Amino acid sequence: MQRHSGMTSFALRVSHLKILFVWTAFLGLIPLSLMAARPKVWVDTRQDDFSAGELDGVLVSSDGEVRLALRFERVADFNEAVVWDTWLEGSTLYVATGHNGRVYAVDTRTLKVEKVVDLDEPEAQTVAVWKGDLYIGANPGGRLYRWSPTKRAVERAWDSQEAYIWDLAVWRGNLYIATGDRGRLYRIGADGKAVQVLDTEDQNLVRLWADDAGLYVGAAGLGNVYRLDAHEKAVAVYPAERAEVAAITGGLKSAGWTLALATIGTPVQTLPPGPTPPSAPPPTQPPTTVTTGGDEVTVTARAPEAVQRAPQPSEEEQAPVRRTPPVTFPLSLEAGFRGGAVWAMDDSLRLFPLWATRDYWLYDIVPFQGELWVAVGSPARVISIDAQRRVSYQSSFQEEQVVRLVVQGDSLWAATSNPARLYRAAGRSPQEGTYTSPVKDAGSMARWGTLQWRGTVRSGRAIECFARAGNTRRPDATWTDWRGPLGPESSLDLPPSRYFQYRCTLRGSFQDSPRLQEVRVTFLPQNQPPKFTEVRVLPPGSVYREVPQAQPAARIAGAPRSTLDTRPPEPPLESANPPTTGGPARSPGGPPTGPAYMPGQEQYKWGMQTVVWQATDPDGDDLKYDVYIQRADQTAWTLLKSGLESSVFAFDTTSLPDGWYRLRIVASDEAANVPGQGLRTETVTPLFLVDHTPPRLSLLKREKTSGGWLIQVQAQDELSPIARAEYALQPDEWLPLFPVDQILDSRQETLELRLSGNPGPWPSVQVRVCDAGQNCSVLSVPLTPP
């Protein structure tokens, strides 16, 4: 029962402690002889370095400084998957969520959370307060609901007959509704009528934002931004360069920015083309009927043809645009879309980029405290851009995405998805913030040297750094505790281990924050042995000639310096069958295929044997090689060459007896380490044949026939298969000669030659036979009657 379970748990804990003790003791006994000679250093000093870590109340500026920033505190957990939209009305923050179709009201003073709407549709996509009531766009189905705070009841307000309602906005006393997947914008005015005011070539209108200049509409598909003036005349103010406009907001007046945009997705020119003519408008029908009473508006649902169309621009006013393939949701909601950009627009509608990323999805953008703040996801983070276009990585979150930002006075609210939560950050800076580095991997067991940090710390401010280490990729109970605080240059009292992490806590104020500018960690990794990735023995006689520009004589790559050959290079011999020495496939005149190191130009030199290989050292140490040779029927190894720095070796085999041999190649990093600390790795090649003896040729038959001659010659080789046979009736006019079985594939072949007519002025025929080692014999056969 419970008591028995507790005993088992206790026994497991004791066993676990024993294992930890033995493991820790083992780590402490790693001998110095196994450690590399050259220490390595991790340096974090750039924005990219620090931004990979976890930010809690600190930011990383574009100049690579870690400073105190806003700290977001979690204030609500909705027990939902995602947040789709938010709307701040007075001291109430409405939060629309999915996938249960619920809307929550958060009192920003007391932080009390109340569920106010529970729809049948799974997605409460967007919310807005108009004329005192809360309107909710629900998907799928594109229905508009209204919730009255006084009646505490929800009712359907309008059925758009569109697939989706993506966003709501209140402008000039009207409610505007952005829909998909036909890219239409609707208005519900004081008269309660639903009117279509914009029909675009985009599939989805996904974001709305309004100011005194007009109503801005962001689209997905072509990625256009439209601005409607007071007469609801639309003009495209943003070129179609991205697949989706993720957010629109007011810019920074101090920087001359009127508007700011966040866009995501692939540039539209990379999308599959497929222009189609615009669909014809539906026939005009009677307008939607409404009943009004006081400030409340009830809109009766009608079919699509019951929706009244606002006057549309003429064909001359409409810029031609393309339709892209239909999408089910805005692209920001689809897995796999990543990256985007933030843009600013001035009063003259001139657009220029502020920041681009391939690492984040962009979800929202708001101006706050003189900067633009961007909500991004995967990982969840908030990023700020100041008037000088300097980008700072602000706080990071445990959730997957930050999807909405809401400004309320000197506070900034952040809504997250996966899971759906709400955070708040006050405009005043915290007194403390912490930067935690990502887990760093030494690649092998390592001894830790020093941690040095550099920063600017004024009186009354502080930077304290701590470090820990372990042997699991993610920190767990087997890691050490945080050791510290560490001064600007401190020795690390950590056991040998593979993984390392540091964190630095900053104390001060936003106006006078300490600044962490660099962290440097020195460690000595365990020396790792070299590794062979490939070794190849080339066909006999294949060499590679190095021809430096200042040296007319070609030297054989991998051969001793004295091995020079000033004769014109001999062409490679072509054989009827490939050699059987295990060499790589060759193209005529070209080097062997494959990744092994092949220097110079391939040529043939009789008696030479070349081996090439590839080896790497995990520590980056320079390697040297020793090459040994062994006869297959013996056990002793003989050193051919030591201290090679190249990974190609060629040697003369003419002094070796015929037979089968193998090479042993030893790679060593001893030259890069202190004496006694180097490591060696060896590899052995496949057997290769050394054969300097040509085939024996004997005449089996020489018979005069009525039409000419019948000649049979037997070729026999002790070691190699017969590779080529040919004959000549005149000098330097060699023709192929074939065996009786038509295949040259064995060490003994019977060759047959049938000559017809007059053989010419020469009294004999010359028969030449070569084996796979390119050893050749010639037999002269008289052509005179016996």
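Report, by residue number, each residue of the stretch 613-627 that is of a type in the set (V, I, T) and open to solvent by 50 Å² or more (accessible area, probe 1.4 Å). T616, the sole residue that qualifies.
Quick check on this structure: which one of V684, V666, V690 is farther than 27 Å from P525 by Cβ and under 37 Å from the mean Cα position of the chain (by Cα)? Steps first, please.
Numbers: V666 fails: farther than 27 Å from P525 by Cβ; V690 fails: under 37 Å from the mean Cα position of the chain (by Cα).
So the residue among V684, V666, V690 that is farther than 27 Å from P525 by Cβ and under 37 Å from the mean Cα position of the chain (by Cα) is V684.
Taken over the stretch 470-509, the criterion of being surrounded by 14 or more Cβ atoms within 10 Å (Cβ to Cβ) and of a type in the set (D, E, K, R) is satisfied by R483, R498, R503, R507. Out of the residues in the stretch 210-228 meeting the condition of being open to solvent by 10 Å² or more (accessible area, probe 1.4 Å) and within 13 Å of L349 (Cβ to Cβ), tell me which one is nearest to the chain's Cα centre (by Cα). Here the answer is Y226. Here R102 meets each of (1) out of contact with any Gly (no Cβ under 9 Å at 6 or more places or on another chain); (2) touching a residue at least 40 places away in the same chain (Cβ under 8 Å); (3) closer than 30 Å to S396 by Cβ; (4) buried (at least 19 other Cβ atoms within 10 Å of the Cβ) with one exception, condition (2).
Quick one: is S655 surrounded by fewer than 14 Cβ atoms within 10 Å (Cβ to Cβ) and outside the structural domain of E749 (by the TED database)? Yes.
Within the stretch 347-364, being charged (D, E, K, R) and in contact with a strand residue (DSSP E or B) (Cβ under 7 Å, 6 or more places away or on another chain) holds for one residue alone: D364. Residues in the stretch 390-403 that are touching a Phe, Trp or Tyr at 6+ places or on another chain (Cβ under 7 Å) and more than 14 Å from L70 (Cβ to Cβ): 3 in all.
Matching residues to (1) touching a Gly at 6+ places or on another chain (Cβ under 6 Å); (2) surrounded by 20 or more Cβ atoms within 10 Å (Cβ to Cβ); (3) among the charged types (D, E, K, R):
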| site | (1), (2), (3) |
| --- | --- |
| N79 | no, no, no |
| W87 | no, yes, no |
| G90 | no, no, no |
| E114 | no, no, yes |
| D118 | no, no, yes |
| P122 | yes, no, no |
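Residue count for the stretch 510-546, restricted to those that are open to solvent by less than 20 Å² (accessible area, probe 1.4 Å) and within 27 Å of R461 (Cβ to Cβ): 5.
For the stretch 127-147, check the following and say yes or no: at least one residue is surrounded by fewer than 24 Cβ atoms within 10 Å (Cβ to Cβ), β-branched (V, I, T) and out of contact with any strand residue (DSSP E or B) (no Cβ under 6 Å at 6 or more places or on another chain). No, that holds for no residue. Confirm whether A596 is small (G, A, S), farther than 25 Å from R768 by Cα, touching a strand residue (DSSP E or B) at 6+ places or on another chain (Cβ under 6 Å) and modelled with pLDDT of 50 or more. For A596, the condition - small (G, A, S), farther than 25 Å from R768 by Cα, touching a strand residue (DSSP E or B) at 6+ places or on another chain (Cβ under 6 Å) and modelled with pLDDT of 50 or more - is not met. Inspection of the stretch 416-436 finds a residue satisfying the criterion of being surrounded by fewer than 16 Cβ atoms within 10 Å (Cβ to Cβ), aliphatic (A, V, I, L, M) and out of contact with any helix residue (DSSP H, G or I) (no Cβ under 7 Å at 6 or more places or on another chain).
Selection within the stretch 707-756: residues that are among the hydroxyl-bearing types (S, T, Y) and part of a strand (DSSP E or B). The member of this set that is farthest from V767 (Cα to Cα) is S756. Only residues that are assigned to a loop (DSSP other than H, G, I, E, B) and open to solvent by 60 Å² or more (accessible area, probe 1.4 Å) were counted in the stretch 43-77, giving 4. When the stretch 160-185 is filtered for residues that are aromatic (F, W, Y) and surrounded by fewer than 24 Cβ atoms within 10 Å (Cβ to Cβ), only W171 remains. Just one of the numbered conditions (1) under 23 Å from V127 (Cβ atoms); (2) within 34 Å of the chain's Cα centre (by Cα) is not true of A243: (1).
The single residue among L640, L644 that is within 14 Å of V612 (Cβ to Cβ) and open to solvent by 10 Å² or more (accessible area, probe 1.4 Å) turns out to be L644.
Taking the stretch 78-99 as the search range and keeping residues that are in contact (Cβ under 8 Å) with a residue 40 or more places away in the chain and not in a strand (DSSP E or B), which one is nearest to K131 (Cα to Cα)? Walk me through it before giving the result.
Going through the stretch 78-99, the residues in contact (Cβ under 8 Å) with a residue 40 or more places away in the chain turn out to be 78-89, 93-97.
Those still in the list that are not in a strand (DSSP E or B) too: 78-81.
Numbers: F78: 27, N79: 30, E80: 28, A81: 30 Å.
The extreme case among them is F78.
How many of the residues making up the stretch 402-419 are of a type in the set (S, T, N, Q) and closer than 13 Å to T97 by Cβ?
We begin by selecting, within the stretch 402-419, every residue of a type in the set (S, T, N, Q); these are 408, 411, 416-418.
Those left that are additionally closer than 13 Å to T97 by Cβ: 416-418.
Result for the stretch 402-419: 3.
Go through the stretch 217-257 residue by residue and tally those that are assigned to a loop (DSSP other than H, G, I, E, B) and of a type outside the set (G, A, S). Looking only at that region, the number is 11.
What residue, among those in the stretch 702-734 that are more than 27 Å from F688 (Cα to Cα) and touching an Asp or Glu at 6+ places or on another chain (Cβ under 6 Å), is least open to solvent (accessible area, probe 1.4 Å)?
Initially, the stretch 702-734 is screened for residues more than 27 Å from F688 (Cα to Cα), giving 702-713, 727-734.
Now restrict to residues that are touching an Asp or Glu at 6+ places or on another chain (Cβ under 6 Å): 710, 712, 734.
Working: L710: 16, Q712: 36, W734: 80 Å².
Restricting to residues being more than 27 Å from F688 (Cα to Cα) and touching an Asp or Glu at 6+ places or on another chain (Cβ under 6 Å), the top hit is L710.
Only one of these conditions is not met by E400: (1) surrounded by 18 or more Cβ atoms within 10 Å (Cβ to Cβ); (2) without any contact (Cβ under 8 Å) to a residue 40 or more places away in the chain. Which number is it? Here E400 meets the rest and fails (1).
For V83, state whether it is within 31 Å of the chain's Cα centre (by Cα), crowded, with 22+ Cβ neighbours inside 10 Å and of a type in the set (V, I, T). Please lay out each step first, then the result.
Working: within 31 Å of the chain's Cα centre (by Cα): yes; crowded, with 22+ Cβ neighbours inside 10 Å: yes; of a type in the set (V, I, T): yes.
The answer is yes for V83.
The values are calculated or read from the model by the stated rules, or taken from the named source; none is laboratory data. Here the structure is a predicted model, which is why all the values come from computation and not from measurement. All Cβ positions, glycine included, derive from the backbone under ideal geometry; neighbour counts span all protein chains shown. Just so you know, the surface numbers come from the protein's heavy atoms only, side chains and all, with ligands and any DNA or RNA stripped out. Shrake-Rupley method; radii C 1.70, N 1.55, O 1.52, S 1.80 Å.
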